[in-house]
Amino acid sequence: MSAIQPSVAQDRSKQASAPVGGSAPNAVGSVGAPIDYLLHLADNAVVLGQRNAEWCGHGPILEEDIAMGNVSLDYIGQARLLYQLAATRLGGDVTEDKLAYFRDDTQFRNYTLLELPHNGPLVGYAVSNRDYATTITRNFLYGALMVLVWEALEKSPDADLAAIAAKSLKEARYHLHHAADWLVRFGDGTDESHQRAQAALDHLFAYTEEFWTPSAAEEAAVASGAGVDVRSLRAAWDGIVNDTLTEATLVRPEVRGYVTEGKHGRHSEHLSYLLGEMQGLARAHPGATW
Amino acid sequence: MYTQSFSVPDNAGQKSARTPSTENPELMAAFDARIDADGRIEPQDWMPEAYRKTLVRQISQHAHSEIVGMLPEGNWISRAPSLKRKAILIAKVQDEGGHGLYLYSAAETLGTSRDQMLEGLHSGKAKYSSIFNYPTLNWADVGVIGWLVDGAAIMNQIPLCRCSYGPYARAMVRVCKEESFHQRQGYEALLVMMQGTEAQRAMVQDAVNRLWWKCLAMFGPPDADSPNSAQGMRWGIKRISNDELRQKFIDATVPQAKVLGVTLPDPDLKWNEERQHHDYGQIDWQEFWNTVEGNGPCNKERLATRVKAHNDGQWVRDAALAYTRKQQQRAQKEAA
Ligand SMILES: [Fe+2]
Ligand SMILES: [Fe+2]
């Protein structure tokens, strides 16, 4: 099975700088975001969509089952648009599904935060109950970032990316609102919910450090003018996070030491399990149409 | 999704409730007249206790079926072989959750809380559709459930859009629209698979072989053995008999199977020129009742999973309640 190499994607992106097809083809001289940048955004969405969908049928209350399904559906939808854009620009026989199903874990460019299971710090093959506080806290930390990222990308000169950003921004605002609402309820709810939310925050917060050190793809996107410099979003992100944590009576943890590197393709033990499950059936029938 | 429960009492074997003679005769006469005139009964209207009880049982079983029905298909979300199919499946399972929500709300208008209904499900007292007690073993099960199970649901529920109880009838109108969308999506997914590889076609046939007879049983026991049907018909809760609906379903499905290129696993299935219907083989009712009574292949897993989700979610619901209370107290303090 021919997995699509990121280096190949990178090379092709240069050839594909004047993309063909798509609803809004770029005008001559306009910028297309580097393929690896699109893949970083798409991988984030597909991995978190996959994780959140694990709650389907197991939510704490029926309304939340439906709400989390919505969140998941939004992420899968964003992933599809981004992979489709990347596939169009790569040309040949590349499709959204080739990019999602036939790349290996080391080729995925998502934040490590997003691939973690819904529980506290445990090794890859540990089995644990899902914890809704972990799910909500992650959706909050990431949702706060993505509202800022999409706000910036909505103004990207890459018109195709800007269109995806505009659509995704509306969704991200809802995701942030939903997660922040619950985080405040947990923090300022019962002793148990407070303790669970604080534990989730203590577990997950260090992973957000990965947001702030740009990857090669992000730097290339900034250089091309199509991307956003994540460092410029940090103060605004801190503002959103600190305000919500104060309202939730939760304590922002100190962060030091190892910074995760998922967006560079160096992941935790958890991603290969997630992809193994997600990709298994598609890979058992290469070339099949579904 | 839906339930075959319209003729399945919660405590299988027990006699169904009869209209008690203690009801006020004047009110009863007015109620009967409204039913006879094909009028709607609304929540604030007087209704006989037995009517109320029957409806609560039927609507809550229907709601439980929607919720339990999320599990067999949910089993394939993480492994859906394309992003498009993954999105369609998440949306479908989510729709089923939404159906559960409308139905619990409809039942609540009869004075029973969602907690009470869930307690009935979790304790094993309340039934749900037996179709969800079978495992989903390959990806084509998702398509076959859409095509046949949602298809059977539509057959059963379209008459319920004219049900005498207003809130239930209105919920059914909305639910039926979505179920027919599910059915078309399921069928379309199977068409694509049948035009695909040998392995894909084999998956579809395997899923049809396992699910066909279970779908026929979804319409409930033969009319001769359905003690609740007559009262349900009288009250405008049930409009068409189990056997009639089953026949309609078979007649509609045979040509669809032909287009698809799958074989329905019944050697006795053939067109009867005289009846202008398809004849079909014997349904295994022993197996059906075993499953309804809790001893099918997945009953224990399905129920235990619902109970676990509910118990694991207790702290979340408690947190929401505690927070709301705190907010109210704060507001009161400010007002004081
Ligand atoms: Fe359905
Ligand atoms: Fe449904």
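The values are calculated or read from the model by the stated rules, or taken from the named source; none is laboratory data. Here the structure is a predicted model, which is why all the values come from computation and not from measurement. For neighbour counting, all protein chains shown are included, and Cβ atoms are generated from backbone atoms with ideal geometry for every residue, glycine included. For accessibility, only protein heavy atoms count, side chains too; no ligands or nucleic acids. Shrake-Rupley method; radii C 1.70, N 1.55, O 1.52, S 1.80 Å.
Mind checking whether some residue in the stretch B:201-223 is within 14 Å of chain A (Cβ to nearest Cβ), over 18 Å from B:I131 (Cα atoms) and within 16 Å of ligand 2 (Cβ to nearest atom)?
So far as the stretch B:201-223 goes, no, none of its residues is within 14 Å of chain A (Cβ to nearest Cβ), over 18 Å from B:I131 (Cα atoms) and within 16 Å of ligand 2 (Cβ to nearest atom).
Among helices (runs of 4 or more DSSP H) lying entirely in the stretch B:69-188, which contain 2 or more residues that are under 30 Å from A:F102 (Cα atoms) and open to solvent by 40 Å² or more (accessible area, probe 1.4 Å)?
B:83-108
Within the stretch B:175-187, how many residues turn out to be more than 10 Å from ligand 2 (Cβ to nearest atom) and over 12 Å from B:I88 (Cβ atoms)?
Matching residues across the stretch B:175-187 total 4.
Considering only the stretch A:228-263, state which residues are free of Cβ contacts under 8 Å to residues at least 40 places away in the same chain and open to solvent by less than 70 Å² (accessible area, probe 1.4 Å).
A:D229, A:D238, A:G239, A:N242
Would you mention how many residues in the stretch A:63-79 are open to solvent by 20 Å² or more (accessible area, probe 1.4 Å) and within 21 Å of A:D181 (Cβ to Cβ)?
5
Tell me which residues, restricted to the stretch A:118-149, are open to solvent by 30 Å² or more (accessible area, probe 1.4 Å) and either acidic (D, E) or within 25 Å of A:E171 (Cβ to Cβ) (or both).
A:R130
Among helices (runs of 4 or more DSSP H) lying entirely in the stretch A:191-285, which contain 3 or more residues that are within 14 Å of another protein chain (Cβ to nearest Cβ) and over 24 Å from A:Q50 (Cβ atoms)?
Answer list for the stretch A:191-285: A:191-204.
Restricting attention to the stretch A:162-169, does a residue exist that is away from chain B (no Cβ under 13 Å), open to solvent by 60 Å² or more (accessible area, probe 1.4 Å) and free of Cβ contacts under 8 Å to residues at least 12 places away in the same chain? Reasoning before the result, please.
The initial filter retains those residues of the stretch A:162-169 that are away from chain B (no Cβ under 13 Å), namely A:162-169.
Subsequent filtering for residues that are open to solvent by 60 Å² or more (accessible area, probe 1.4 Å) retains A:163, A:167.
With free of Cβ contacts under 8 Å to residues at least 12 places away in the same chain added as a condition, the list becomes none.
No, the stretch A:162-169 has no match at all.
Among the residues of the stretch B:259-282, are any among the small types (G, A, S), open to solvent by less than 20 Å² (accessible area, probe 1.4 Å), at positive phi and part of a loop (DSSP other than H, G, I, E, B)?
No, every residue in the stretch B:259-282 fails to be among the small types (G, A, S), open to solvent by less than 20 Å² (accessible area, probe 1.4 Å), at positive phi and part of a loop (DSSP other than H, G, I, E, B).
Is it true that some residue in the stretch B:326-334 is outside any loop (DSSP other than H, G, I, E, B) and buried (at least 19 other Cβ atoms within 10 Å of the Cβ)?
There is no residue in the stretch B:326-334 that is outside any loop (DSSP other than H, G, I, E, B) and buried (at least 19 other Cβ atoms within 10 Å of the Cβ).
Cβ-Cβ under 6 Å, sequence separation 6+ or interchain: first residue in the stretch A:47-62 and within 7 Å of chain B (Cβ to nearest Cβ), partner of a type in the set (K, R) and open to solvent by 10 Å² or more (accessible area, probe 1.4 Å). Which pairs?
Between residues of the stretch A:47-62 that are within 7 Å of chain B (Cβ to nearest Cβ) and residues that are of a type in the set (K, R) and open to solvent by 10 Å² or more (accessible area, probe 1.4 Å), the close pairs are A:I61/B:R317.
Name, by its number, the condition in (1) crowded, with 24+ Cβ neighbours inside 10 Å; (2) within 14 Å of chain B (Cβ to nearest Cβ); (3) basic (K, R) that does not hold for A:R103.
Going through the list (1) crowded, with 24+ Cβ neighbours inside 10 Å; (2) within 14 Å of chain B (Cβ to nearest Cβ); (3) basic (K, R), A:R103 breaks only (1).
Answer yes or no: is there a residue in the stretch B:38-47 that is modelled with pLDDT of 95 or more and open to solvent by less than 10 Å² (accessible area, probe 1.4 Å).
yes
Name the single residue that is farthest from A:D36 (Cα to Cα) among those in the stretch A:94-111 being hydroxyl-bearing (S, T, Y) and assigned to a helix (DSSP H, G or I).
A:Y101
Which one is farthest from the chain's Cα centre (by Cα) among residues in the stretch B:242-256 that are buried (at least 18 other Cβ atoms within 10 Å of the Cβ) and touching a residue at least 40 places away in the same chain (Cβ under 8 Å)?
B:T253
Among the residues of the stretch B:81-113, which ones are more than 7 Å from chain A (Cβ to nearest Cβ) and within 16 Å of ligand 1 (Cβ to nearest atom)?
B:I88, B:L89, B:K92, B:D95, B:E96, B:H99, B:Y102, B:L103
Being in a loop (DSSP other than H, G, I, E, B) and farther than 22 Å from B:A29 by Cβ is the filter here; which residues of the stretch B:228-237 pass it?
Listed by number, the list holds a single entry, B:N228.
Every residue in the stretch A:112-127 that is in contact with a helix residue (DSSP H, G or I) (Cβ under 8 Å, 6 or more places away or on another chain) and assigned to a loop (DSSP other than H, G, I, E, B), please.
Our first condition is that a residue be in contact with a helix residue (DSSP H, G or I) (Cβ under 8 Å, 6 or more places away or on another chain); within the stretch A:112-127, this holds for A:112-121, A:124-125.
Passing the criteria: A:L116, A:P117, A:H118, A:N119, A:G120, A:P121, A:G124, A:Y125.
When B:R275 is evaluated against the numbered criteria (1) more than 14 Å from every other protein chain (Cβ to nearest Cβ); (2) within 16 Å of ligand 2 (Cβ to nearest atom), which criterion, by number, is the only one it fails?
(2)
Quick one: is B:E119 away from every other protein chain (no Cβ under 13 Å), over 14 Å from the mean Cα position of the chain (by Cα) and more than 13 Å from ligand 2 (Cβ to nearest atom)?
Considered against the rule, which asks whether it is away from every other protein chain (no Cβ under 13 Å), over 14 Å from the mean Cα position of the chain (by Cα) and more than 13 Å from ligand 2 (Cβ to nearest atom), B:E119 comes out as yes.
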